[in-house]
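Visitor: First the structure, which I've put down as structure tokens, then a few questions once you've had a look.
The values are calculated or read from the model by the stated rules, or taken from the named source; none is laboratory data. Keep in mind it's a predicted model, so treat the numbers as computed, not measured. So basically every Cβ, Gly included, is an ideal-geometry build from the backbone, and we count neighbours across all protein chains shown. Note: accessible area is taken over every heavy atom of the protein model, side chains too, but ligands, DNA and RNA are not part of it. Shrake-Rupley method; radii C 1.70, N 1.55, O 1.52, S 1.80 Å.
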Amino acid sequence: MRETNDRPYHHGDLRRALVDTALDMLAADQDWAFTLREVARRTGVSHAAPYKHFRDRGMLLRELARIGFVRLGESLTAAMSPDQPSTRAQFMAAAQACIGFACHNPGLYRLMFSVDADKAMDPQLHDAAMATFGILLGLLERGQHDGSFRPVAVNALAAASWAQVHGLAMLALSNQLLEEKVGPTPVPAALDVLLDGMCRSD
């Protein structure tokens, strides 16, 4: 059962109100099975009102996913503090921030990587996703420049990193990182193994 309270809409930014309501519903239910009509009702507007801003439910879902990528990018950037002692430490902090974001926003994170967030259909969503991926690329390039990471194709490092971190996030969301399977601290342990392979040995 949803715990989201109806949020009556009175004036101002209707589009923002609809998006906020949908984000609340996504957070409460951890899925996106809602309809535009239900979002309108919970926002306190007519069932036709959302169509002024979203031609269909898919367009709204892609906007939610875009917001998710922006927020994820902000989390990654905040985690990569210049006070970190090394590029490796920055990578570890950013990876853990990504997994933490997923665990705190399970519905939104799953939507971001679902077929309902088709980046080919929405240039703004595509740009937001690529900007977030660009944060990872930038970190890897800096690590190669300062000698921390191996001098291999940066796209290969990015693919290995993204696959590992996203995989850990999805396992964490599914409660599959059980101690009897992967030990008491599976996330930092797995990231250490990844980084040992990425970092220069000389």
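Visitor: Is there a quick way to get the dipole size of region 102-202? I mean about its Cα centre, with the Cβ of Lys and Arg at +1 and of Asp and Glu at -1; what is the value in debye to the nearest 20?
Guide: In total the dipole reaches around 60 debye.
Visitor: Could you check which residue among M170, M121, M59 shows the biggest mean-square fluctuation in a GNM of the chain with a 10 Å Cα cutoff?
Guide: Fluctuation is largest for M121.
Visitor: Over all distinct Cα pairs, what is the inverse of the mean 1/r for the chain, reported as the Kirkwood hydrodynamic radius in Å?
Guide: For the chain, the Kirkwood estimate is 18.5 Å.
Visitor: Could I ask something else about it? So who's got an amide H within less than 5 Å of the one on F149, skipping anything under 5 residues away but keeping other chains? H placed 1.01 Å off N, in plane.
Guide: Placed amide hydrogens put Q144, R200 under 5 Å from F149.
Visitor: State in Å² the accessible area per residue of region 57-198; use a 1.4 Å probe, count heavy atoms of protein chains only, and round to the nearest integer.
Guide: Roughly 48 Å² per residue, with all protein chains present.
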